[in-house]
Amino acid sequence: REAPAELRPSSVGRPLTECRRVTDALLRQDAGPALQWCERERHRLAKLRSPLKPQLRLQHFLALVAAGAAVEAVEYARRHLQPAGLPEAVAEEARRGMALLALGTRTSLPHASLLDPGRWRRAADRFGRDFLRLAGAPPTPPLVVALAAGVAALKTPFCSLPEHQAPRCSRDEAEISPFCSLPE
């Protein structure tokens, strides 16, 4: 007998492949695939009250400002960044983005932090969190939780010293396990 279509290996990995494709696009500073995904999932994102789509629209607008495409940026903002339809935080950043458009993108301006490349990383992280929430997956993979619990339960000679309350781990292990503490 053949497995049902939803359990075949090709269909099980497809959503994660799409997540990776969209995340990679965001890291390349391309909001297009993420906005398309948001449009397909708009009803489910609305139930979560996710600010993902307005944040991605703002990020795309800021990319147009950074590229010096002022006319295109203004048209894009008129179509997609109307303050009445935006969460307050995104509306405030959109106003600051308009100031960048008017004043230029010199890094000495207070609003120039909107052009920080790290914003794309944060957008990719936000997309990943919302994607996992829609898929019903936990934010931390169960294997990592099990590994962290196992590491926390280990009894080592270093841990048995009275002055040490928690297991001491290397920096790499401490990033994996919330139960580890770094040596001083």
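The values are calculated or read from the model by the stated rules, or taken from the named source; none is laboratory data. Computed from a predicted model, the values in this text were never measured in an experiment. Counting neighbours? That spans all protein chains shown, and the Cβs are built from the backbone with ideal geometry, glycine included. For the accessible areas, the whole protein counts, side chains as well, though only heavy atoms, and no ligand, DNA or RNA atoms are used. Shrake-Rupley method; radii C 1.70, N 1.55, O 1.52, S 1.80 Å.
Our estimate of slack between VAL144 and ARG95, defined as 0.36 nm per intervening residue step minus the Cα-Cα distance, is 13.6 nm. Backbone phi angles across the range 132-145, fed through the Karplus curve with coefficients 6.51, -1.76 and 1.60 (θ = phi - 60°), yield HN-Hα couplings of 5, 4, 5, 7, x, 8, x, x, 10, x, x, 4, 5, 5 Hz in residue order; Gly and Pro are listed as x. Computed from the C-beta positions of ARG20 and ALA67 and an R0 of 22 Å, the FRET efficiency is 0.25 to the nearest 0.05. Here the range 135-150 is scanned for amide nitrogen atoms under 19 Å from the site 7 Å beyond the Cα of LYS47 along Cα-to-Cβ, giving 135-139.
Ordering GLU39, GLU88, GLU72, GLU18 by accessible area with a probe of 1.4 Å, largest first, what comes out? List each step's numbers first, then the result.
Details: GLU39 75, GLU88 130, GLU72 100, GLU18 45 Å².
My answer, sorted largest first, is GLU88, GLU72, GLU39, GLU18.
Sorting the Cα pairs of the range 9-64 by distance into bins of 5 Å, from 0 upward, gives 4, 19, 24, 25, 17, 8, 2, 1 percent per bin.
Could you sort VAL144, VAL65 by accessible area so the largest value comes first, with the probe set to 1.4 Å? Before the final figure, lay out each step's value.
Details: VAL144 50, VAL65 10 Å².
Descending accessible area places them as VAL144, VAL65.
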